[in-house]
Amino acid sequence: MSPKKQKKSPRGGGGVITKKKKKNTADPKADDSLEAPAAGDSSTAAGPDTPAEALQAERDDLFARLQRTAADYSNYQKRIRREMAEARNFANTGLITQLLSVLDDMERALEAAADNHGPDDLLLAGMQLVHDKALDVLGGFGLEIIEALDRPFDPEVHSAMLQQPSAEHPPQTVVQELQRGYKLKGRTIRPAAVVVSTEPEPPRAGDEETTDSGEQ
């Protein structure tokens, strides 16, 4: 038998025919997911680069929170102590305020008795002792009398009920006390009711002529 003839390459080469590789016709956008993450991705664009730095940032944040909490708690303790001390100091304010009317009645009774009785009257002396004793007891709880007569008018401790022209006193001076005022441990619990002086009115022309004719 005659040997079989080998087929030659169409290009005249002597090599074996090989299949051509097909080109990748897939969508080039299919591999976009493998590219670098977008700039807006906060997981990689910002934040610590290493676990140690992440722990350090978390520790600093917790420490700052702890400092703020400790400062708030300290201020809370100071405020509570201040409020408790104030509550203790002025716990009897309501009771003492009610007793002021009793002192007012005793003072009016003493004034009326002084007009009809002499200073040696035993009843008058006894009422005066009771009044003074009541003031001493209340003074032990911090009650103080507000000085008003002949003092400059002070709206913090005085309540002006009337105004009276006066040439003997400077303007805004207390010339009469209608009701006594009191303080409790420095706080005004009842201002003094007073009459305040004002500038005297200038004489009228008719009054001057009458005065001159009277002098002549």
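Just so it is clear, none of the values below were taken in a lab; they were calculated from the coordinates. Nothing here was measured: the structure is a model prediction, and the numbers come from that model. Reconstructed Cβ throughout: ideal geometry from the backbone, glycine too, with neighbour counts over all protein chains shown.
Miscellaneous remarks
- Residue list for the range 130-160, restricted to those being part of a helix (DSSP H, G or I) and not charged (D, E, K, R): 130, 131, 134, 135, 137, 138, 139
- In the range 134-157, the residues that are closer than 13 Å to residue 197 by Cα and either touching a Lys or Arg at 6+ places or on another chain (Cβ under 7 Å) or not charged (D, E, K, R) (or both): 148, 149, 152, 153
- Conditions (1) on the phi > 0 side of the Ramachandran plot; (2) under 31 Å from the mean Cα position of the chain (by Cα); (3) not small (Gly, Ala, Ser); number of the one not met by residue 66: (1)
- Hey, residue 107 surrounded by fewer than 16 Cβ atoms within 10 Å (Cβ to Cβ), touching a residue at least 40 places away in the same chain (Cβ under 8 Å) and not in a loop (DSSP other than H, G, I, E, B) or not: yes
- Selection of the range 103-118 for residues being more than 42 Å from the chain's Cα centre (by Cα) and of a type outside the set (Gly, Ala, Ser) yields 110, 111, 115, 116, 117.
- Consider the range 174-187 and keep the residues that are touching a strand residue (DSSP E or B) at 6+ places or on another chain (Cβ under 7 Å) and touching a residue at least 40 places away in the same chain (Cβ under 8 Å). The one that is farthest from residue 142 (Cα to Cα) is 179.
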